[in-house]
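Throughout, read-outs are computed from the coordinates displayed, never taken from laboratory work. On a predicted model such as this, the values are computed, not experimentally measured, just so you know. Note that each Cβ is placed from the backbone with ideal geometry, even for glycine, and that neighbours are counted across all protein chains shown.
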Amino acid sequence: MIHLSLIASCVVIIDRLTKYFFCSNLSHGRSIKVIPGIFHLTLVFNTGSAFGLFKDWTRFFIMTSIIVIALILFYCLRYRYKDILLITSLGLILGGAIGNLIDRILFGYVIDFLDFRVWPVFNIADSSISIGAALLALKALFDKRCFTI
């Protein structure tokens, strides 16, 4: 449980610090070219889900985040797995879910700023959730015992 908490806490801290930094230094919609045409830093307030889908469903996303957080915590407390890859992936998803949940509760939207121009703008929490989900999928694919109780 310590490993899960440490990973989730690091994700939340890095997510909050980066969001604070970009909100303090960029105005909404403003973009800074890092690698022109490829990577920009663009401040966007997203009321939807990934890719900006389902705009203004804030209450739904708050409830969904709370359920995901509760399920991860229940799963980890109940089964106390020691598999480092499984716990790491769940810690990344947990930290990302908490980071975006904080935004939705405080502001009613998620703060995004990483802009690769060929992909919707995203943030550290989104990246953490995606990496955690990919690791979890790999774990499930190659380890048939992954979710056996």
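Things worth noting here:
- Separation of alpha-carbon centers, the stretch 27-41 and the stretch 121-135, rounded to whole Å: 20 Å
- Evaluated over the Cα positions of the stretch 43-101, the convex hull gives a direction-averaged projected area, one quarter of its surface, of 4.6 nm².
- Equivalent ellipsoid semi-axes - Cα gyration tensor, the stretch 88-149, angstrom: 27, 15, 7
- Rg and Dmax [Cα atoms of the stretch 1-145; Å; Rg one decimal, Dmax integer]: 15.9, 48
- When LEU41, LEU4 are sorted by how many other C-beta atoms sit within 10 angstrom of their C-beta, beginning with the fewest, the order is LEU41, LEU4.
- For ARG78, ARG30, order by how many other beta-carbon atoms lie within 10 Å, fewest first: ARG78, ARG30
- Full-stretch length increase - ILE62, ALA137 - with 0.36 nm per residue and alpha-carbon distance subtracted: 24.6 nm
- Here's the picture: charge each Lys and Arg Cβ at +1 and each Asp and Glu Cβ at -1 in the chain, and of SER31, ASN100, CYS76 the one pushed furthest to the positive end of that dipole is CYS76.
- Panel order for VAL44, VAL118, by other beta carbons found within 10 Å of each beta carbon, from fewest to most: VAL118, VAL44.
- Count of lysine pairs in the chain with Cα separation under 23 Å (8 or more residues apart, or interchain): 4
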